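Chemist: There's a structure below that I have some questions on.
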Amino acid sequence: MLESLKKEVYEANLQLPALGLVTFTWGNVSGIDRETGLVVIKPSGVAYEELSPEQMVVVNLAGEVVEGTLRPSSDTKTHVRLYQAFPEIRGIVHTHSLHAVAFAQAMRPIACLGTTHCDTFAGTVPCIRELTAEEIEEDYEGNTGHVIVEEFQKAGIDPMAIPGCVCAHHGPFTWGTSPMEAVVHAKVLEEVAHMNALTVALNPDVSDIPAAYLNKHFSRKHGKEAYYGQN
């Protein structure tokens with residue numbers, strides 16, 4: 001079942017340690033087949049060097065295991081909530097990468113200060129509110145997804161223009177049109193978080209990048225007017 005997607009998700013998961021985005025097993029990648037509504041995700045707690053495509057777990061959009069002998073990632077309910085709410089996305093990544101987590105722990109959004117940031121994220125990457133004690137007790141992983149969706153909808157943020165966030169006290173989630181694109185966004189988010197922290201240390205009074213820079217750099221890579229790269 002979904003053998004091609006299993007391979008794709010497996011290969012995307014292997015990129016997390018290769019890109020320095022995870023320590024031990026602190027991360028996961030999933031992908032969805034929109035025709036069937038089935039999600040393929042990394043099994044919980046399995047070391048990356050021990051993974052195989054056959055070990056990927058298939059779940060439905062209720063988070064129930066459809067195929068696989070291993071338990072799916074403990075973050076499965078978060079992934080499922082995002083797939084339910086954002087129909088354009090086909091891949092999701094969660095990591096505990098160093099600098100993105102620092103912003104999550106400081107409960108600070110990652111402001112758009114330079115062109116590296118706005119090549120991928122069309123503005124500030126939001127920090128999602130902390131969960132209440134009741135939300136944590138009721139359904140921690142599911143409500144993590146719920147508050148991400150809540151923030152994006154409340155603020156009118158296009159999840160394809162800002163393909164990621166940091167969750168208070170926790171860490172980053174990114175997404176994209178494929179599992180591998182979600183990995184790329186996870187790496188970019190980590191890099192811009194590092195750049196942001198260094199910039200603010202050098203100049204605590206730094207301002208967001210002017211809108212003209214932001215609009216030009218985002219639009220030249222995304223949308224109908226994009227001209228970066230090859231056809």
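Chemist: For Ile162, only one of the following conditions fails: (1) in a loop (DSSP other than H, G, I, E, B); (2) over 11 Å from the mean Cα position of the chain (by Cα). What is its number?
Modeler: Answer for Ile162: the failing condition is (2).
Chemist: Another question, then. Search region 2-44 for residues being on the phi > 0 side of the Ramachandran plot and more than 18 Å from the chain's Cα centre (by Cα), and hand back the single one that is surrounded by the most Cβ atoms within 10 Å (Cβ to Cβ).
Modeler: It comes out as Leu2.
Chemist: Restricting attention to region 125-145, which residues are touching a residue at least 60 places away in the same chain (Cβ under 8 Å) and either surrounded by fewer than 20 Cβ atoms within 10 Å (Cβ to Cβ) or of a type in the set (Asp, Glu) (or both)?
Modeler: Asp139, Glu141, Gly142, listed by residue number.
Chemist: Now a separate question. Exactly one condition in (1) under 18 Å from the mean Cα position of the chain (by Cα); (2) open to solvent by 60 Å² or more (accessible area, probe 1.4 Å); (3) not β-branched (Val, Ile, Thr) is false for Ala186; which is it?
Modeler: (2)
Chemist: Does region 109-117 contain at least one residue that is under 23 Å from Gly63 (Cα atoms), in a loop (DSSP other than H, G, I, E, B) and open to solvent by less than 30 Å² (accessible area, probe 1.4 Å)?
Modeler: Quick first cut of region 109-117, residues under 23 Å from Gly63 (Cα atoms) only: none.
No; the residues of region 109-117 include none that is under 23 Å from Gly63 (Cα atoms), in a loop (DSSP other than H, G, I, E, B) and open to solvent by less than 30 Å² (accessible area, probe 1.4 Å).
Chemist: Mind listing whichever residues of region 13-31 are within 18 Å of Ser74 (Cβ to Cβ) and not aromatic (Phe, Trp, Tyr)? Lay out the reasoning, then the answer.
Modeler: At the first step, the residues of region 13-31 found to be within 18 Å of Ser74 (Cβ to Cβ) are 13, 16, 21-31.
Listed by number, the residues that qualify are Asn13, Leu16, Leu21, Val22, Thr23, Thr25, Gly27, Asn28, Val29, Ser30, Gly31.
A quick yes/no check of all residues on (1) of a type in the set (Phe, Trp, Tyr); (2) closer than 18 Å to Met160 by Cβ:
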| position | (1), (2) |
| --- | --- |
| Tyr83 | yes, yes |
| His96 | no, no |
| Ala102 | no, no |
| Thr120 | no, yes |
| Glu130 | no, no |
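Chemist: If Phe173 passes every condition in (1) open to solvent by 30 Å² or more (accessible area, probe 1.4 Å); (2) of a type in the set (A, V, I, L, M, F, W, C); (3) under 13 Å from the mean Cα position of the chain (by Cα) but one, which one does it miss?
Modeler: Every condition holds for Phe173 apart from (1).
Chemist: Could you check region 45-95 and list, in sequence order, the residues that are among the charged types (D, E, K, R), within 22 Å of Ala186 (Cβ to Cβ) and surrounded by fewer than 17 Cβ atoms within 10 Å (Cβ to Cβ)? Steps first, answer last, please.
Modeler: Kept after step one, since they are among the charged types (D, E, K, R), are these residues of region 45-95: 49-50, 54, 64, 67, 71, 75, 77, 81, 88, 90.
Still in the running and within 22 Å of Ala186 (Cβ to Cβ): 49-50, 75, 77, 81, 88, 90.
Within region 45-95, Glu49, Glu50, Glu88 qualify.
Chemist: Being assigned to a helix (DSSP H, G or I), at pLDDT 95 or above, aliphatic (A, V, I, L, M) and within 15 Å of the chain's Cα centre (by Cα) narrows it down to one residue among Val200, Val192; which is it? Spell out the reasoning first.
Modeler: Values: Val200 fails: within 15 Å of the chain's Cα centre (by Cα).
Going through Val200, Val192 in turn, just one is assigned to a helix (DSSP H, G or I), at pLDDT 95 or above, aliphatic (A, V, I, L, M) and within 15 Å of the chain's Cα centre (by Cα): Val192.
Chemist: Out of (1) assigned to a strand (DSSP E or B); (2) within 19 Å of Gly31 (Cβ to Cβ), the odd one out for Ile148 is which?
Modeler: Every listed condition holds for Ile148 apart from (1).
Chemist: Further question on the same structure: Pairs, please: C-beta under 9 Å, at least 6 apart or cross-chain, first residue farther than 14 Å from Phe121 by Cα and in region 196-216, second assigned to a loop (DSSP other than H, G, I, E, B) and β-branched (Val, Ile, Thr)?
Modeler: Thr199/Val206; Val200/Val206
The values are calculated or read from the model by the stated rules, or taken from the named source; none is laboratory data. The model shown is predicted, which means the values in this text are computed figures rather than measured ones. With ideal geometry, Cβ positions are generated from the backbone for all residues, glycine too; neighbour counts draw on all protein chains shown. The protein model used for the area step is the full one, side chains on, heavy atoms only, and it has no ligands, DNA or RNA in it. Shrake-Rupley method; radii C 1.70, N 1.55, O 1.52, S 1.80 Å.
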